[in-house]
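A short worksheet on the structure shown next.
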Amino acid sequence: MNILHIDSCALGDHSASRQYTTAAVTQLVAHHPNAILLYRDLAAAPLSHASGPLLQALSQRWDAAIPMNTELRAEALQSASLLQEFHDADIAVIGAPMHNFSIPSTLKAWLDRLLELRESAPRAGMRVMLVTSGCTGDLPMEELMGNHEMQLKAAFKTLGIPQAEVVRANDVL
């Protein structure tokens with residue numbers, strides 16, 4: 001079993017989503033001791049945000065007037081590697097907290113790359129667990145979290161995951 005563990009919250013150990021993704025992955029590894037685990041911390045090692053030239057290169061709509069420099073080529077190769085990591089996973093446990101009414105920009109940068117390279121074929125048997133958190137205080141939590149989770153599910157549906165599982169870390173910790 002291949003497990004892809006992604007954290008994106010910049011709060012480090014104070015993050016509810018990080019605490020839950022760690023607990024979930026620990027439990028998965030306990031049940032599958034031979035599992036191969038790949039951990040990516042998007043807050044500690046953020047990806048660059050997708051530029052126009054990178055998006056053109058990834059979506060194969062390259063404008064020949066834009067030079068394909070070494071940096072852009074490296075970004076395109078890294079993006080292909082990220083998609084391969086995702087495809088190789090049997091389960092992806094993804095910390096996707098709400099930050100200022102959206103996902104962290106680091107997670108958005110990761111998703112942008114995968115969505116541009118996506119293949120529309122369903123990913124039979126792959127599971128995605130989205131660990132969400134956020135929205136405390138006087139805000140309409142249920143409505144905001146519902147919208148947040150709906151957008152994440154739509155992104156993963158586009159990546160061939162028809163039913164992403166959502167766990168709200170605030171509700172279980």
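The values are calculated or read from the model by the stated rules, or taken from the named source; none is laboratory data. Nothing here was measured: the structure is a model prediction, and the numbers come from that model. Note that we place each Cβ from the backbone using ideal geometry, even for glycine, and neighbour counts take in every protein chain shown.
A few points about this structure:
- Test result for LEU107, part of a helix (DSSP H, G or I) and over 23 Å from CYS9 (Cα atoms): no
- Matching entry among ALA50, ALA64 (being buried (at least 18 other Cβ atoms within 10 Å of the Cβ), modelled with pLDDT under 90 and either among the small types (Gly, Ala, Ser) or part of a helix (DSSP H, G or I) (or both)): ALA50
- Among the candidates VAL25, VAL29, residue that is of a type in the set (Val, Ile, Thr), at pLDDT 90 or above, surrounded by fewer than 18 Cβ atoms within 10 Å (Cβ to Cβ) and part of a helix (DSSP H, G or I): VAL29
Rundown of residues vs (1) in contact with a His (Cβ under 9 Å, 6 or more places away or on another chain); (2) of a type in the set (A, V, I, L, M); (3) under 30 Å from ALA124 (Cβ atoms), yes/no style:
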position	(1), (2), (3)
HIS5	no, no, yes
SER15	no, no, no
ALA30	no, yes, yes
ALA50	no, yes, yes
PRO53	no, no, no
ALA74	no, yes, no
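- Within the set MET129, MET98, the sole residue that is in contact (Cβ under 8 Å) with a residue 60 or more places away in the chain, in contact with a strand residue (DSSP E or B) (Cβ under 9 Å, 6 or more places away or on another chain) and buried (at least 16 other Cβ atoms within 10 Å of the Cβ) turns out to be MET129.
- In the set (1) surrounded by 11 or more Cβ atoms within 10 Å (Cβ to Cβ); (2) within 22 Å of LEU130 (Cβ to Cβ); (3) among the polar types (S, T, N, Q), SER59 fails one condition alone, (2).
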